[in-house]
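Working notes for the structure below.
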Amino acid sequence: ETGVTQTPRHLVMGMTNKKSLKCEQHLGHNAMYWYKQSAKKPLELMFVYSLEERVENNSVPSRFSPECPNSSHLFLHLHTLQPEDSALYLCASSQGLHMGYGYTFGSGTRLTVV
Amino acid sequence: SQQGEEDPQALSIQEGENATMNCSYKTSINNLQWYRQNSGRGLVHLILIRSNEREKHSGRLRVTLDTSKKSSSLLITASRAADTASYFCATDAVRGSNYKLTFGKGTLLTVNP
């Protein structure tokens, strides 16, 4: 365990479903991130939160909706997804936004949209 | 836009050999980081090197940074089968949103026993 826990590990959902991905960290980190990892492509930054405020929304479709109720928890709400949204979704945290810190990643949620 | 780009895309070596992976990037950076990812898992932070550093060591890992060539290398010495993984470099950008960590596509390293 890295200190960043993601649930569920695997998720299969239909295009009309609504589901949520959860990320939790108790490292005392102030920044949290959602990344999407698709085959043969670099990791794509989706959202950045610092002290529960969203500081980056990287042109992500509105069918992905993040929520950060406190500095330890981050959610990604999913609805009416497309098959091309199938990917590994990774959550990460860091001490702060400044780039002197390494990121701690969770193990990811493998999402399959059918 | 993609910042870091690893080379080679795939590398296969025998246990005990050294493995070298390279990373090139386009714009000025504050820091460069290397990560490892085992198949289907999250990324693990290996090492961070700052733009004013030229070389850094951590156990069997050695990272170099050449800001004039905008390149970095990761050397794994005396490789083990457990080192089999994908390795990514990640960079920030001096200008703009310098908290955004941008990853390359990675190098897939296979260490054969």
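When residues of region B:25-37 are filtered for being more than 8 Å from every other protein chain (Cβ to nearest Cβ) and at pLDDT below 95, how many remain? Total satisfying the criteria: 6. Please verify whether residue A:90 is more than 18 Å from residue B:36 (Cα to Cα) and either facing chain B (nearest Cβ under 7 Å) or crowded, with 21+ Cβ neighbours inside 10 Å (or both), treating the condition exactly as stated. Judged against the criteria, residue A:90 is not a match. Looking only at residues in region B:27-61 that are out of contact with any Leu (no Cβ under 8 Å at 6 or more places or on another chain) and among the polar types (S, T, N, Q), the one that is farthest from residue B:90 (Cα to Cα) is B:39.
To keep it simple, each residue is scored yes or no on (1) touching a Gly at 6+ places or on another chain (Cβ under 8 Å); (2) farther than 15 Å from residue B:105 by Cα; (3) surrounded by 20 or more Cβ atoms within 10 Å (Cβ to Cβ).
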{"position": "B:37", "(1), (2), (3)": "yes, no, yes"}
{"position": "B:50", "(1), (2), (3)": "yes, yes, no"}
{"position": "B:54", "(1), (2), (3)": "no, yes, no"}
{"position": "B:57", "(1), (2), (3)": "no, yes, no"}
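Residue A:89 satisfies every condition listed in (1) over 21 Å from residue A:105 (Cβ atoms); (2) at pLDDT 95 or above except (1).
The values are calculated or read from the model by the stated rules, or taken from the named source; none is laboratory data. Worth saying up front: this structure is predicted, and the values here are computed from it rather than measured. Note: ideal-geometry Cβ built from the backbone for every residue, glycine included; neighbour counts use all protein chains shown.
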